[in-house]
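All remarks here apply to the structure that follows.
The values are calculated or read from the model by the stated rules, or taken from the named source; none is laboratory data. Here the structure is a predicted model, which means the values were calculated and not measured. Counting neighbours? That spans all protein chains shown, and the Cβs are built from the backbone with ideal geometry, glycine included. In case anyone asks, the SASA skips ligands and DNA or RNA and just uses the protein heavy atoms, side chains included. Shrake-Rupley method; radii C 1.70, N 1.55, O 1.52, S 1.80 Å.
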Amino acid sequence: MRRVSRKKTLSLVKELDAFPKVSESYVETSASGGTVSLIAFSAIALLAVLEFFVYRDTWMKYEYAVDKDFSSKLRINVDITVAMKCQHVGADILDLAETMIASNGLQYEPVIFELTPQQRLWQRTLILIQSRLREEHALQEVLYKTLLKGSPTALPPREDASMEPLNACRIHGHAYVNKVAGNLHITVGKPIHHPQGHAHIAAFVSHESYNFSHRIDHLSFGEEIPGIINPLDGTEKITYNNNQMFQYFITVVPTRLSTYKISADTHQFSVTERERVINHAAGSHGVSGIFVKYDISSLMVTVSEQHMPLWQFLVRLCGIVGGIFSTTGMLHGFVGFCFDVICCRFKLGVYRPREDVQLHNQMNNLNHHQIPLLADDVPQE
């Protein structure tokens, strides 16, 4: 009884089959069908491989929100070389609340301002990358993905022990400031701190020794991340005037970076540069030096690395296979028509005359061309 019921169930399932099968005896293969099949399978394989590369790739997603963190400190990373001796210049930071930030984290190192050929090559490469980043913004995503693999952005040390005089001062290090607008400035004289504000003692520095030609090897905000190139890295300004003022107006945007390799809180910034000569007689007032004025944006940018889900990859793959198979019927008909035209024109394949048919046609032609003999023409014995 169980076997009978199983047979009935199997027959019932077969009757519900919505995809009727065609017997192989009714299927006829052709050259056009084989050609279409090869084209279809080749297209499926090619598109599947390309889709796999798309599945392996990632992209960066940008989200914007209001920055609610006002209590934390902002880290400023500085590496600036000024073409003056260290005893003649001083650097400090003053924020909008008139809070004086002691520059204990900044170090003064006497160096040679001129670069070696290796250092000059590094600077030119960095400037070239900066120009490409301004033209192609998509390159920034590549840098985000390869942060830890990127080469260091710091100026390489001098290889030769040159005997040239140390005519410059390298100011490098970091300082923590409040998350409000502020001013990082490098000017003549060492800074002194007093309750009424701050000042720089410049009375003992000769005016002829003023030279604020400088090179910004690195300037960033927040946590230092290897591989990130900031807008001012590699900037070099040369002046031949003793009363030159350089100003950099910076807007800092808090950025939360989350990739598959690193997760960190850093800051991006945009910069506007300005420089002018101090001439009190012409109405151009101010103080000679380098002034970096920064402001903190109220928006925070979250940059996260995204990847295509597996289910979406499978759906796209099925769409490729199904789409190609659904269009092969029309392609088969067109290719078959072209094959028939070519074979008929050149008498190939089924259009080739068979040998027995050719022999029969030749015999018929021969019979039609035979002339019957008359009675008078019959030779008499």
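Of the set (1) free of Cβ contacts under 8 Å to residues at least 24 places away in the same chain; (2) in a strand (DSSP E or B), all apply to Arg276 but (1).
Being surrounded by 13 or more Cβ atoms within 10 Å (Cβ to Cβ), part of a strand (DSSP E or B) and touching a helix residue (DSSP H, G or I) at 6+ places or on another chain (Cβ under 8 Å) holds for only one residue in Val271, Val292, Val303, and it is Val303. Only one of the listed residues (Arg316, Arg345) is open to solvent by 80 Å² or more (accessible area, probe 1.4 Å), at pLDDT 90 or above and either over 30 Å from Tyr55 (Cβ atoms) or among the charged types (D, E, K, R) (or both). That residue is Arg316.
Of everything in the range 165-198 that is under 43 Å from the mean Cα position of the chain (by Cα) and small (Gly, Ala, Ser), the residue that is farthest from Ala91 (Cα to Cα) is Ala181. Taking the criterion of being more than 20 Å from Ala175 (Cβ to Cβ) and aliphatic (A, V, I, L, M), the residues of the range 221-270 that qualify are Ile229, Ile238, Met245, Leu257, Ile262. The number of residues in the range 279-289 being open to solvent by less than 30 Å² (accessible area, probe 1.4 Å) and either without any contact (Cβ under 8 Å) to a residue 40 or more places away in the chain or assigned to a strand (DSSP E or B) (or both) comes to 2.
Restricted to the range 103-118, and to residues there that are assigned to a loop (DSSP other than H, G, I, E, B) and open to solvent by 50 Å² or more (accessible area, probe 1.4 Å), the residue that is modelled with the lowest pLDDT is Asn104. For Asp217, the criteria (1) surrounded by fewer than 20 Cβ atoms within 10 Å (Cβ to Cβ); (2) charged (D, E, K, R); (3) assigned to a strand (DSSP E or B) hold in every case but one, which is (1). Considering only residues in the range 221-250 that are buried (at least 16 other Cβ atoms within 10 Å of the Cβ) and aromatic (Phe, Trp, Tyr), the one that is modelled with the lowest pLDDT turns out to be Phe221.
Checking the range 126-134 against the condition returns a match, with at least one residue being modelled with pLDDT under 90, under 25 Å from Leu184 (Cα atoms), surrounded by 10 or more Cβ atoms within 10 Å (Cβ to Cβ) and of a type in the set (A, V, I, L, M). Are there any pairs, at least 6 apart or on different chains, whose C-beta atoms fall under 8 Å, with the first in the range 165-178 and farther than 16 Å from Ser220 by Cβ and open to solvent by less than 10 Å² (accessible area, probe 1.4 Å) and the second in a strand (DSSP E or B) and aromatic (Phe, Trp, Tyr), and if so, which? Close Cβ pairs (under 8 Å, with a partner that is in a strand (DSSP E or B) and aromatic (Phe, Trp, Tyr)) amount to Cys169/Tyr108.
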